[in-house]
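Undergrad: If you scroll down you'll find the structure; I have some questions about it.
The values are calculated or read from the model by the stated rules, or taken from the named source; none is laboratory data. Keep in mind the model is a prediction, meaning the values are calculated, not measured. Every residue, glycine among them, receives a Cβ derived from its backbone with ideal geometry; neighbour counts consider all protein chains shown. Ligands, DNA and RNA are stripped out before the accessible areas are found, and what is left, the full protein with its side chains, is counted by its heavy atoms. Shrake-Rupley method; radii C 1.70, N 1.55, O 1.52, S 1.80 Å.
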Amino acid sequence: MSDPDSWFHEAMATAEGGHVHTDDGGLSTALASPLAPHCTGLTPEQLLAAAFASCLHHAAVEAARDITDEAHTVQVRAEVRLGRGDDGRYQADVHASISSVGLSREQLAGLVEHADRLWPFSTTDLSRHRLTVTAAENGRR
């Protein structure tokens, strides 16, 4: 683990009363609750999908700079399923795909591999989430 003084990205968020918001005001949205079916808003799996897509997109754009000057064409799609293990704890199954217009299959494979190594929740992490990161079909946007 890195020295705590070397961290350069930090964010804080609060969830309460059926809402979640970041302390900087960048995100504020209602939350759905399985305990209160009348509540509308984002579900945990939607928030996780958005978080995984956002984190991996950041890593993929960074990785794309080494491959192409068209880093703005990177697209990440994340699908999340939540379930419970035999021990009752939640588990996440995440499948993310990366595409970028104009890259060859080899370049895209290199981009995917590099991006997966950059972020803290990689396919090699053996905790309570399973992550699969693949290249999307060329031309899909």
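Undergrad: Select from the stretch 74-104 the residues that are farther than 19 Å from Leu31 by Cα and in contact (Cβ under 8 Å) with a residue 40 or more places away in the chain and list them in ascending order. Please lay out each step first, then the result.
TA: Just the residues of the stretch 74-104 that are farther than 19 Å from Leu31 by Cα, to begin with: 74-78, 84-89, 91, 93-104.
Hits for the stretch 74-104 are Gln75, Arg77, Gly85, Val94, Ala96, Ile98, Ser99, Ser100, Val101.
Undergrad: Next question. Which residue out of Gln91, Gln46 is open to solvent by 70 Å² or more (accessible area, probe 1.4 Å), modelled with pLDDT under 90, closer than 26 Å to Ala32 by Cβ and not in a loop (DSSP other than H, G, I, E, B)?
TA: Testing whether each residue is open to solvent by 70 Å² or more (accessible area, probe 1.4 Å), modelled with pLDDT under 90, closer than 26 Å to Ala32 by Cβ and not in a loop (DSSP other than H, G, I, E, B) leaves just Gln91.
Undergrad: Related question: Only one residue in Thr68, Thr22, Thr29 is closer than 28 Å to Gly110 by Cα, surrounded by 11 or more Cβ atoms within 10 Å (Cβ to Cβ) and free of Cβ contacts under 8 Å to residues at least 40 places away in the same chain, so which one is that?
TA: Working: Thr22 fails: closer than 28 Å to Gly110 by Cα; Thr29 fails: closer than 28 Å to Gly110 by Cα.
Result of the check over Thr68, Thr22, Thr29: Thr68.
Undergrad: Just one of (1) open to solvent by 60 Å² or more (accessible area, probe 1.4 Å); (2) under 22 Å from Ala115 (Cα atoms) trips up Gly17, so point out which.
TA: (2)
Undergrad: Also, I was wondering about something else. Take Val112 and tell me if it is over 28 Å from Ala135 (Cβ atoms) and buried (at least 17 other Cβ atoms within 10 Å of the Cβ).
TA: Numbers: over 28 Å from Ala135 (Cβ atoms): no; buried (at least 17 other Cβ atoms within 10 Å of the Cβ): yes.
For Val112, the condition - over 28 Å from Ala135 (Cβ atoms) and buried (at least 17 other Cβ atoms within 10 Å of the Cβ) - is not met.
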